[in-house]
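Values in this text are rule-based calculations from the coordinates and carry no lab data. Since this is a predicted model, take the numbers as computed values, not measurements. As a convention, Cβ positions derive from the backbone with ideal geometry for all residues, glycine included, and neighbour counts pool all protein chains shown.
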Amino acid sequence: MKIYEAELTLEGFLIFSTEVKPMITSYSSMGSYITPSPYIHNYPVMYGLLGMPSEAYFVIPSLHKADYELKGKKSGGNSLLRYTTVKREIEKFAKKEEQSLYSFPLVPKKIIVNSFLLSSESWSYALPTRKPTKNVFPRLTSYSAFSPGSRFMTYIVTSDDYPKSKLPRWIRIGKKRWGILQIYYNEVEIKDIKESTEECASSIPVNDIDTEKFGYEIKNFAKVLETSSLKEGKIGWAITDKCLKIKGEIENKRVSITLPL
């Protein structure tokens, strides 16, 4: 097992609609106000580490690395799309298979936030019209976005045979040109690993579903992020029934890391 302390620097604007609420002035409604959480879910990060574009999981269905029901069934129903790329990678990692990796969620180290108003309209011969908001930005919607220079960190764990050269220096976790992150990897020189059978607090927020898949029971959980899909798991600081206690060095500095792996 190899462990990297990854430092990620944002090189482009990043918007995640973690929270949506009405924006109201003293005079009238101004549409919606959309703001991101400073903690970033680990699944988009893993898609980036696996070399896949972000469109592969939330924009273009044809790019999904997914399982489809066998075509030609006479049931009359449409083929179901299952988002399986990250789940398969997590299962590989849990089984300690070769060439597997896992990333924990991103923790903010420095956040630079900008707010701006986005409006989208098209004009007919007579009156302004709005296209469906599924395809364009909603009209009169205020966004808060992370700006270039924001920094995050996480731990990335790989199997022993996973070459460092395979880890990308750049990933994109947002739509189009949003969410471009430059990554610097500091490998932990592991000196000692012990499995503790006592309750442990994680050194970094964890995904509750992933943690249970790895065979750990969560005793206490402080949620910091929840998405609209419960299958993706909640992110939070956790106390588990057991853990791995890792002692090592990063650039000649001693570190002690507690992870449910």
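Key figures for this structure:
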{"item": "Exposure proxy order (Cβ contacts within 10 Å, fewest to most) of LYS95, LYS87, LYS109", "result": "LYS95, LYS109, LYS87"}
{"item": "Positive-end residue, the stretch 190-261 charge dipole about Cα centroid, Cβ charges, pick of GLY248, ALA201, ALA238", "result": "GLY248"}
{"item": "Ranked TYR39, TYR102, TYR184, criterion: other C-beta atoms within 10 Å, fewest first", "result": "TYR184, TYR39, TYR102"}
{"item": "Footprinting exposure proxy for THR158, THR35 (fewest neighbouring C-beta atoms within 10 Å first)", "result": "THR35, THR158"}
{"item": "Sites matching GluC sites (Glu not before Pro) across the stretch 197-261 that sit in DSSP coil, with at most 14 neighbouring C-beta atoms within 10 Å", "result": "GLU198, GLU199, GLU217, GLU251"}
{"item": "Over the stretch 190-261, equivalent-ellipsoid semi-axes from the Cα gyration tensor in Å", "result": "24, 14, 10"}
{"item": "For the stretch 168-173, Karplus couplings with θ = phi - 60° (6.51, -1.76, 1.60), whole Hz, Gly/Pro x", "result": "x, 7, 9, 9, 10, 10"}
{"item": "Net charge, PHE221 excluded, C-beta distance under 12 Å - Lys, Arg +1, Asp, Glu -1", "result": "-1"}
